[in-house]
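So the structure is just underneath, and the comments pick up after that.
The values are calculated or read from the model by the stated rules, or taken from the named source; none is laboratory data. Note that the structure is predicted; figures quoted are calculated from it, not measured. Here the Cβ is made from the backbone with ideal geometry for all residues, glycine too, and neighbour counts use every protein chain on show. The accessibility values were calculated without ligands, DNA or RNA, using every heavy atom of the protein model including side chains. Shrake-Rupley method; radii C 1.70, N 1.55, O 1.52, S 1.80 Å.
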Amino acid sequence: MPSRPPSPGPMPVRSSTILITGFDAFGGAELNPSWLAVKALHRRQILGHRVVAARLPTVYGESLKSLNALLRLHRPVLVVCVGQAGGRSSISLERVAINLDDAPIADNAGAQPVDVSVVPGAPVAYFSTLPIKAMLVALQREGLPAEVSQTAGTFVCNHVFYGLMHALANNRLLRRTKGGFVHVPWLPEQGAPSMPLDDMVKGLRIALRCAVAVQGQTGDDASRGAGAVH
């Protein structure tokens, strides 16, 4: 009888993808720390997941077109969009996205919408599906300034945050994908308060690792107060 061909062995397991995005510079600035921090994580491995970093334009509409194309391409298990929040001193884990564009300044295409819905007819708001309390604990445990934020503003950051959560809620291929938004402070060369780039990169890496580790666990998040009086 002919001998059996050798077993090919187990098929390689393709790592799932974590998508993390930052923005290009806006408002006359020459850089945006969100992109610099995100770019440093590109192609890293976090708990067996491959990190893909991408830069979004600081433009209403176009930013969501770019993000939705990335979602279709990668079908990630986790999505974290990152933006710059000048004036904040901590890594801000955003809790809620609202269905409103109300621009305090023009975007990079010159648009400055007032009282416009991100998605007409869609819900007023979506909550982040990231384990933001667990992420807060993990960041603070490492000595990094962090907070849960109750507002992502009404500029392009919130536009992307809302568009992301709307996509995750309505695309059946992404129903198991967790997602949300994180703001980082200025870099020291941009002004004060600020945070060194290395701390931003470390913080985002910790946040991603925590989000992957917590995903699917009973309770899904830490029970800890992180509200705001004002």
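On the basis of being more than 15 Å from the chain's Cα centre (by Cα) and modelled with pLDDT of 95 or more, does Arg88 make the cut?
Criteria met by Arg88.
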Since Gly9 meets every condition but one in (1) at pLDDT 95 or above; (2) open to solvent by less than 40 Å² (accessible area, probe 1.4 Å), which condition does it not meet?
-> (1)
Any chance region 174-187 includes a residue that's modelled with pLDDT of 95 or more, surrounded by fewer than 14 Cβ atoms within 10 Å (Cβ to Cβ) and not basic (Lys, Arg)?
-> no
All but one of (1) at pLDDT 95 or above; (2) touching a Leu at 6+ places or on another chain (Cβ under 9 Å) hold for Met165; which doesn't?
-> (2)
Single residue of region 207-228 satisfying the filter (open to solvent by less than 30 Å² (accessible area, probe 1.4 Å) and at pLDDT 95 or above) that is farthest from Gln140 (Cα to Cα) = Val212
Can you tell me which residue among Ala192, Ala152 is buried (at least 23 other Cβ atoms within 10 Å of the Cβ), modelled with pLDDT of 95 or more and in a loop (DSSP other than H, G, I, E, B)?
-> Ala152
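The rows are residues; the columns are (1) assigned to a loop (DSSP other than H, G, I, E, B); (2) open to solvent by 30 Å² or more (accessible area, probe 1.4 Å).
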residue: Ala69; (1), (2): no, yes
residue: Val80; (1), (2): no, no
residue: Ser92; (1), (2): no, no
residue: Ala103; (1), (2): yes, no
residue: Ala106; (1), (2): yes, yes
residue: Pro113; (1), (2): yes, no
residue: Ala122; (1), (2): yes, no
residue: Tyr126; (1), (2): no, yes
residue: Leu144; (1), (2): yes, no
Out of all the residues in region 23-65, which are farther than 15 Å from Ala85 by Cβ, part of a strand (DSSP E or B) and either among the charged types (D, E, K, R) or open to solvent by less than 40 Å² (accessible area, probe 1.4 Å) (or both)?
-> Ile46, His49, Arg50, Val51, Val52, Ala53, Ala54, Arg55, Leu56
Take Leu93 and decide whether it is out of contact with any helix residue (DSSP H, G or I) (no Cβ under 7 Å at 6 or more places or on another chain) and either in contact (Cβ under 8 Å) with a residue 40 or more places away in the chain or not small (Gly, Ala, Ser) (or both).
-> no
